[in-house]
Structure formats: structure tokens, C-alpha cells
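Novice: A single structure is presented below for examination.
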Amino acid sequence: MRLHYLQHVPHEGLGYIRSWAEERGFSIDGTRLYDGERPPARLDYDWLVVMGGPMNIYDVDRHSWLSDERACIGRSIEEGKVVVGVCLGAQLIADVLGAAVTRNPQTEIGWFPLHMTDEGRRHPLFAGFEDGARVFHWHGDTFAMPVGAIRLARSEACENQAFLYADRVLGMQFHAV
């Protein structure tokens, strides 16, 4: 299996996702968008992981690569890849799937409990995840639920914390460090 990741800033790499993937024998490579690298033109990977960053999805004037990144995400979804987004990555995926990304009623920064929905508690992806577990949040925007997606989690300050689309596209607003 091959995993490719899109990284927006030097300090938001794969983290534990790398350890998880290496333990399962994935080969890993990535695109450092902040260094001027372009998203891959050939989708010769099985998984695409889209990391977080301090920018917003609508900051195309300051980060022109956001347009190419959206196209890469869209092609990956269309071609049946597993796609995982963390924070900004989840917002980009939601946007590509046609859901609005807007300011959240309040900025959510810090360690706060995550609450699973009924669907989240039943889904195998979150089988070992304790309801009310404290996870890290650092965002001012949020995504609406993409049509056809399942809401998996929420928090006090943000109704949409995680979604699953087509059983292979996962968006997580929070950071499960």
C-alpha cells in the first residue's frame, strides 16, 4: 500500500499517522506545499492524507496551491482512493464534496472533549475511541456536512467534528495527537 500526504506547513506533518502506516507496511511520500511542491499529477497511491495548517480554504490569493490541492483531492475521491483529512484537510475535503466551509460560531483552541454520535459509536473506525476523550482543537472555521456523509463526532463548540463519506473518505476537524 502507498500513502501520499499533502503538508501545508513544516510543523504539521503526519505525526502518529506515519507510525501507524509504517507498522502496516505502507510506503510513504508527501508533497510539501509550503516549499512550492505541487500535488502529484499521477495518483499512484492508495491513500491520500491531507494535513492541517493555519490558513483557510479560501486563502487562494496567498496560497495559490490550494486550487491544485482541491483538484488532487477531487480526483483522488473520484478514483476511489482512501482520503483522510485533518483540520484544514477535512475542510478542504468537505469543500470538494460541495459542503460549505464557514466561520465557526466560536474559535476552538485547546484540549476539549469529543462526543461521538450514535453512528460514530457504532462505526468500526471509532470502535476504540472513548466518548468524551479530550482531543486537540485549533480552528476558527468549520464545515457543513457533505451530502451523503455520516456525522461521526461533535464537540460543545463545533457541531461537525468528523464525517465519513462513501465509507473511505474521512474528515476530522480535530487533531487526535
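The values are calculated or read from the model by the stated rules, or taken from the named source; none is laboratory data. Keep in mind it's a predicted model, so treat the numbers as computed, not measured. No Cβ is skipped: glycine too gets one built from the backbone with ideal geometry, and neighbour counts run over all protein chains shown.
Novice: Taking CYS158 as meeting all but one of (1) in contact with an Asp or Glu (Cβ under 9 Å, 6 or more places away or on another chain); (2) surrounded by 15 or more Cβ atoms within 10 Å (Cβ to Cβ); (3) outside any loop (DSSP other than H, G, I, E, B), write down the number of the exception.
Specialist: The single condition CYS158 does not satisfy is (3).
Novice: Among the residues of the stretch 42-53, is there at least one that is under 20 Å from GLY80 (Cα atoms), aromatic (Phe, Trp, Tyr) and either surrounded by 19 or more Cβ atoms within 10 Å (Cβ to Cβ) or at pLDDT below 95 (or both)? Walk me through it before giving the result.
Specialist: First, pick out the residues of the stretch 42-53 that are under 20 Å from GLY80 (Cα atoms): 42-51.
Pick out the ones that are also aromatic (Phe, Trp, Tyr) and you get 45, 47.
Okay, now just the ones that are also either surrounded by 19 or more Cβ atoms within 10 Å (Cβ to Cβ) or at pLDDT below 95 (or both), so 45, 47.
Among the residues of the stretch 42-53, at least one is under 20 Å from GLY80 (Cα atoms), aromatic (Phe, Trp, Tyr) and either surrounded by 19 or more Cβ atoms within 10 Å (Cβ to Cβ) or at pLDDT below 95 (or both), which makes the answer yes.
Novice: If you don't mind, there's one more thing I want to ask. Suppose we keep only residues that are among the polar types (S, T, N, Q) and either without any contact (Cβ under 8 Å) to a residue 12 or more places away in the chain or surrounded by 15 or more Cβ atoms within 10 Å (Cβ to Cβ) (or both) within the stretch 75-119. Which one would you say is nearest to GLY13 (Cα to Cα)?
Specialist: So in the stretch 75-119, the residues among the polar types (S, T, N, Q) come out as 76, 91, 102, 104, 106-107, 117.
Going one step further and asking which of them are either without any contact (Cβ under 8 Å) to a residue 12 or more places away in the chain or surrounded by 15 or more Cβ atoms within 10 Å (Cβ to Cβ) (or both), we end up with 76, 91, 104, 117.
Working: SER76: 20, GLN91: 17, ASN104: 24, THR117: 28 Å.
Of everything passing the filter in the stretch 75-119, GLN91 is nearest to GLY13 (Cα to Cα).
Novice: Now, a different point. Within the group LEU43, LEU14, LEU48, LEU6, which residue is in contact with a Lys or Arg (Cβ under 7 Å, 6 or more places away or on another chain), closer than 23 Å to PHE136 by Cα and either in contact (Cβ under 8 Å) with a residue 24 or more places away in the chain or among the aliphatic types (A, V, I, L, M) (or both)? Lay out the reasoning, then the answer.
Specialist: Working: LEU43 fails: closer than 23 Å to PHE136 by Cα; LEU14 fails: in contact with a Lys or Arg (Cβ under 7 Å, 6 or more places away or on another chain); LEU6 fails: in contact with a Lys or Arg (Cβ under 7 Å, 6 or more places away or on another chain).
It is LEU48.
Novice: Continuing with the same structure: For VAL147, all conditions in the list (1) in a loop (DSSP other than H, G, I, E, B); (2) at pLDDT 95 or above; (3) touching a strand residue (DSSP E or B) at 6+ places or on another chain (Cβ under 7 Å); (4) of a type in the set (Val, Ile, Thr) hold save one; what is the number of the exception?
Specialist: Here VAL147 clears every test but (3).
Novice: Out of all the residues in the stretch 131-177, which are among the acidic types (Asp, Glu) and more than 23 Å from LEU14 (Cβ to Cβ)? Quick ask: steps written out before the conclusion?
Specialist: As a first pass, look at the stretch 131-177 and keep what is among the acidic types (Asp, Glu): 131, 141, 156, 159, 167.
Passing the criteria: ASP131, GLU156, GLU159.
Novice: Within the stretch 38-55, which residues are aromatic (Phe, Trp, Tyr) and in a loop (DSSP other than H, G, I, E, B)? Before you say what the answer is, go through the steps one by one.
Specialist: Keep residues of the stretch 38-55 that are aromatic (Phe, Trp, Tyr), which gives 45, 47.
Selection gives TYR45 alone.
Novice: If I go through the stretch 130-144 residue by residue, how many of them are part of a loop (DSSP other than H, G, I, E, B), touching a strand residue (DSSP E or B) at 6+ places or on another chain (Cβ under 8 Å) and free of Cβ contacts under 8 Å to residues at least 40 places away in the same chain? Let's see the steps before the verdict.
Specialist: Residues of the stretch 130-144 part of a loop (DSSP other than H, G, I, E, B): 130-133, 144.
Checking the rest, the ones that are also touching a strand residue (DSSP E or B) at 6+ places or on another chain (Cβ under 8 Å) come to 131-133, 144.
Retained after the next criterion (residues that are free of Cβ contacts under 8 Å to residues at least 40 places away in the same chain): 131-133.
Count: 3.
Novice: Please go through the stretch 96-133 and give me each residue that is of a type in the set (Lys, Arg) and either in contact with a Ser or Thr (Cβ under 8 Å, 6 or more places away or on another chain) or modelled with pLDDT of 95 or more (or both), ordered by number. First the steps, then the outcome.
Specialist: Just the residues of the stretch 96-133 that are of a type in the set (Lys, Arg), to begin with: 103, 121-122.
Matches in the stretch 96-133: ARG103 only.
Novice: Right, something else. Under the condition of being part of a loop (DSSP other than H, G, I, E, B) and touching a strand residue (DSSP E or B) at 6+ places or on another chain (Cβ under 7 Å), which residue from the stretch 15-37 is surrounded by the most Cβ atoms within 10 Å (Cβ to Cβ)?
Specialist: Step one: list which residues in the stretch 15-37 are part of a loop (DSSP other than H, G, I, E, B), which gives 15, 24-26, 36-37.
Pick out the ones that are also touching a strand residue (DSSP E or B) at 6+ places or on another chain (Cβ under 7 Å) and you get 26, 37.
On the way: PHE26: 16, GLU37: 13.
Ranking the candidates gives PHE26 first.
Novice: Here's another thing I want to ask about it. Suppose the filter is crowded, with 17+ Cβ neighbours inside 10 Å, in contact with a strand residue (DSSP E or B) (Cβ under 9 Å, 6 or more places away or on another chain) and not in a strand (DSSP E or B); does ALA153 pass it?
Specialist: Details: crowded, with 17+ Cβ neighbours inside 10 Å: yes; in contact with a strand residue (DSSP E or B) (Cβ under 9 Å, 6 or more places away or on another chain): yes; not in a strand (DSSP E or B): no.
Spelling it out, it is not the case that ALA153 is crowded, with 17+ Cβ neighbours inside 10 Å, in contact with a strand residue (DSSP E or B) (Cβ under 9 Å, 6 or more places away or on another chain) and not in a strand (DSSP E or B).
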